[in-house]
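Undergrad: I'd like to ask some things about the structure below.
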Amino acid sequence: MSLEVDIAIDNDDDLSGRPAHSRRANRAGDTRHKNKSRRANAHAIAELLEHDDKTGAVAMGAGSGFAPTFNASRHERRWIIDSLGGFHENHQIMDVVAQVKGGKEATVYCCSAGPAFGVDYLAAKVYRPRMFRNLSNDAAYREGSGPVDQQGKQLKRKRELRAVAGKTSFGLEVLHGSWLFNEYRTMTALYEAGALVPKPYAFGENAILMEYMGEPFAPAPTLDQVELPREEAKPLFDALIDSVRIMLANNRVHGDLSAFNVLYWEGEVRIIDFPQAVDPLFNPGAWQFFNRDVKRLCQYFYRYGIRPNANELAASLWSTQIPGDANDIQRELLARVEVGEMRR
């Protein structure tokens, strides 16, 4: 068995030479990113339509006591109420105000918060229905550790493990819950450790409530959409790298970090999207994921004259938190995975 991780990015190594993207290329990239997001959201709704047509499901609202004011289609409305109705019943949210972001794995909504939290708004990340989540590319992130339940314990029952391995409908349901809980557990640990991540408030079967950045109808943009004031660039870069260090100190590697999943609002940043986060002490691809995360951050800040050697920075951060040579550790972990595969 071999583990291959795609870490191809522009301006490899020390990112020397010209910036990775011209302004024209950035504008084109932004347009492609927005179009991709629209297509993914449209695809998710199309799948909901197909599912509802097959099952005969009808829109909920009046009978449930939860009638969001967000103007959604009948099928999206049902999805929102099914996923967020429990938070409403527990007075954790009062209303769904607007859609913040649509994607192939989840949609984020701005919700008015319940009085107990002491904030005006919360972000509700609602995962796509279990049967529709694309989990075909998650194997590299799950190397070295299997799915967990909502108490964070490794699943050991043979029926569940067989279903996961075969990616049956039940197996995908198990993976769905495992990925959601992995994101909530990771965010909780990192927030408590002082990393720049949204504060998590609660999680349910299909959604996570977390800190909201921005205004109700003007959510915080991701860093790739922002032209930072020059004086903010270096402090923000240092803060993000420190958060990456905190993650590593708490045995977490984001695994897909870039300017596309860092929110920016009024001089503050938050790192988002953690379902694929891995433990560097167990995942044999962790060093490659980590090195890629650091490179992508360096690549974004290159345009502001911040030009560290990304490989050296990643190696330095790794060595201060993970004892031993990174490559030796990862080779040993990979060998363990291969032995485990042969025994099964």
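Undergrad: For region 269-288, which residues satisfy the criterion of being assigned to a helix (DSSP H, G or I) and surrounded by fewer than 23 Cβ atoms within 10 Å (Cβ to Cβ)?
TA: Q288 - this is the single residue of region 269-288 that is assigned to a helix (DSSP H, G or I) and surrounded by fewer than 23 Cβ atoms within 10 Å (Cβ to Cβ).
Undergrad: Can you name the residue in region 275-317 that is of a type outside the set (A, V, I, L, M) and in contact with a strand residue (DSSP E or B) (Cβ under 6 Å, 6 or more places away or on another chain) and is also nearest to N251 (Cα to Cα) among such residues?
TA: Ranking the qualifying residues of region 275-317, first place goes to P280.
Undergrad: Considering E232, E227, which residue is at pLDDT 95 or above, more than 18 Å from K295 (Cβ to Cβ), acidic (D, E) and in a helix (DSSP H, G or I)?
TA: E232
Undergrad: Would you mind finding the one in T188, T222 that is hydroxyl-bearing (S, T, Y) and either without any contact (Cβ under 8 Å) to a residue 12 or more places away in the chain or touching a Leu at 6+ places or on another chain (Cβ under 7 Å) (or both)?
TA: Every option except T222 fails the conditions.
Undergrad: When you check F70 against the structure, is it buried (at least 18 other Cβ atoms within 10 Å of the Cβ) and either assigned to a loop (DSSP other than H, G, I, E, B) or on the phi > 0 side of the Ramachandran plot (or both), yes or no?
TA: no
Undergrad: Modelled with pLDDT under 85, outside any loop (DSSP other than H, G, I, E, B) and of a type in the set (S, T, Y) - does that describe any residue in region 47-62?
TA: yes
Undergrad: Go through region 166-201 and report how many residues are among the small types (G, A, S), modelled with pLDDT of 90 or more and either surrounded by 23 or more Cβ atoms within 10 Å (Cβ to Cβ) or at negative phi (or both).
TA: 3
The values are calculated or read from the model by the stated rules, or taken from the named source; none is laboratory data. Since we're looking at a predicted model, the values are computed, not measured. Cβ sites come from the backbone with ideal geometry, for glycine too, and all protein chains shown count toward neighbours.
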